[in-house]
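Undergrad: I have a structure here, written as structure tokens, and I will follow up with some questions on it.
The values are calculated or read from the model by the stated rules, or taken from the named source; none is laboratory data. As the structure is a prediction and not an experimental result, all values here were calculated from the model. Backbone-built Cβ (ideal geometry, glycine too); neighbour counts: all protein chains shown.
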Amino acid sequence: MIKEQLLYGIHSVQEALATGKLLDKIFLKKGIVGDSIQQIRHEARLQQIPVQEVPLEKLNRLTRKSHQGCVAIVAPIEYTHLENLIPTLYEEGREPFIIVLDGLTDTRNFGAIARSALCAGADAIVIPSYGSVSVTADAINASVGSLLHIPVCRVGSIGKALTFLRESGINVVIADEKSSKLYFEADLDGPLALVMGNEYKGVSPEAKRVASTSVAIPLQGEIGSLNVSVAAGILLFDVTRRRLQNL
């Protein structure tokens with residue numbers, strides 16, 4: 001089982017940022033100020049590392065060591081740069097198959113989707129830096145280790161990432177239960193980015209503006225929606241089925 005690694009103390013976190021150590025998130029005591037804190041915020045912003053202000057009690061729960069109001073979670077993986085990944089896939093003669101998680105917040109859903117994505121042959125998972133799940137020890141454990149074997153790209157803006165994918169010749173398709181087009185009616189062949197939304201709000205307006213099309217899964221009965229990890233699994237393996245049929 002993967003365990004979470006922490007850095008605590010202002011100087012430790014500053015040094016980690018200065019040397020390029022991969023950090024998943026930085027927690028700062030609510031209301032903390034100072035030149036060192038300002039520098040931490042600046043460097044974290046440049047490196048697209050989320051910074052969150054939290055009550056002192058949360059920091060004390062994370063560690064009993066002297067944290068000086070600053071605790072960082074070390075990233076258990078190295079994130080992949082989306083701008084480097086896509087050209088590499090094309091150079092290898094592959095049609096990119098990307099799953100984009102637009103504001104997903106539940107670690108267990110993230111783990112389940114990562115496991116399905118790996119088994120379905122997806123090339124990468126894209127997540128936003130803020131307001132989203134990230135690759136933590138809990139997420140890796142929930143994925144049964146799958147997140148250690150599939151590239152994960154963390155981006156500053158989902159909208160900009162999807163625009164880049166479209167400009168790279170990739171069909172951007174969002175899962176939307178209100179779509180009039182069912183997934184088996186849609187063109188999901190060729191380079192594809194499949195976008196799954198937040199568990200409660202669905203896909204963001206930003207993603208909808210960029211998407212090529214939207215698809216829905218037909219549902220029967222009284223319940224009007226599926227768990228996002230279940231929906232992702234259905235769509236991922238439908239893409240896999242099509243690709244295998246086209247070999």
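Undergrad: Can you give me the number of residues within region 204-231 that are surrounded by fewer than 17 Cβ atoms within 10 Å (Cβ to Cβ) and not charged (D, E, K, R)?
TA: 13
Undergrad: Can I ask one more? Any residue in region 95-107 that's farther than 17 Å from Asp123 by Cα: show its pairings with residues that are in a loop (DSSP other than H, G, I, E, B) and of a type in the set (Lys, Arg) at Cβ separation under 9 Å, as long as the two are six or more apart or on different chains.
TA: Gly103/Lys201
Undergrad: Here are some residues: Ile26, Ile77. Which one is of a type outside the set (Lys, Arg), under 27 Å from Gly111 (Cβ atoms) and not in a loop (DSSP other than H, G, I, E, B)?
TA: Step by step, each of Ile26, Ile77 is checked, and only Ile26 is of a type outside the set (Lys, Arg), under 27 Å from Gly111 (Cβ atoms) and not in a loop (DSSP other than H, G, I, E, B).
Undergrad: Please list, ordered by first then second residue, the pairs with beta carbon atoms under 9 Å, 6 or more apart or interchain, first in region 170-184 and in the same structural domain as Val210 (by TED's automatic domain parsing), second part of a strand (DSSP E or B) and surrounded by fewer than 16 Cβ atoms within 10 Å (Cβ to Cβ).
TA: Filtered contacts from region 170-184: Asn171/Thr213; Val172/Thr213; Val173/Thr213; Ile174/Thr213; Ser179/Thr213; Lys181/Thr213.
Undergrad: Starting from residues that are of a type in the set (D, E, K, R) and within 20 Å of Val54 (Cα to Cα), keep the ones in region 8-26 and report whichever is surrounded by the fewest Cβ atoms within 10 Å (Cβ to Cβ).
TA: Checked region 8-26; the qualifying residue surrounded by the fewest Cβ atoms within 10 Å (Cβ to Cβ) is Lys25.
Undergrad: When region 137-148 is examined, which residues are found to be surrounded by fewer than 20 Cβ atoms within 10 Å (Cβ to Cβ) and part of a loop (DSSP other than H, G, I, E, B)?
TA: Those that are surrounded by fewer than 20 Cβ atoms within 10 Å (Cβ to Cβ) and part of a loop (DSSP other than H, G, I, E, B): Val144, Gly145.
Undergrad: Mind checking which residues of region 226-242 are among the polar types (S, T, N, Q) and in contact with a strand residue (DSSP E or B) (Cβ under 9 Å, 6 or more places away or on another chain)?
TA: Within region 226-242, Ser229, Thr240 qualify.
Conditions tested, residue by residue: (1) more than 16 Å from Leu23 (Cβ to Cβ); (2) aliphatic (A, V, I, L, M).
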| position | (1), (2) |
| --- | --- |
| Gln38 | yes, no |
| Arg41 | no, no |
| Arg45 | no, no |
| Ser66 | yes, no |
| Ile86 | yes, yes |
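Undergrad: While we're on this one: Among the residues of region 31-39, is any closer than 15 Å to Val71 by Cβ and either of a type in the set (D, E, K, R) or in a strand (DSSP E or B) (or both)?
TA: no
Undergrad: List the residue pairs whose Cβ atoms are under 7 Å apart, where the first residue sits in region 19-42 and is assigned by TED's automatic domain parsing to the domain that holds Glu53, the second is polar (S, T, N, Q), and the two are 6 or more positions apart or on different chains.
TA: Pairs that qualify, where the first residue is assigned by TED's automatic domain parsing to the domain that holds Glu53 and the partner is polar (S, T, N, Q), are Asp24/Ser134; Asp24/Thr136; Lys25/Gln52; Lys25/Ser134; Phe27/Gln52; Ser36/Gln14; Gln39/Gln14; Ile40/Gln14.
Undergrad: If Ile86 satisfies every condition in (1) part of a helix (DSSP H, G or I); (2) within 19 Å of Lys201 (Cα to Cα); (3) in contact with a Leu (Cβ under 8 Å, 6 or more places away or on another chain) but one, which is the exception?
TA: Every listed condition holds for Ile86 apart from (2).
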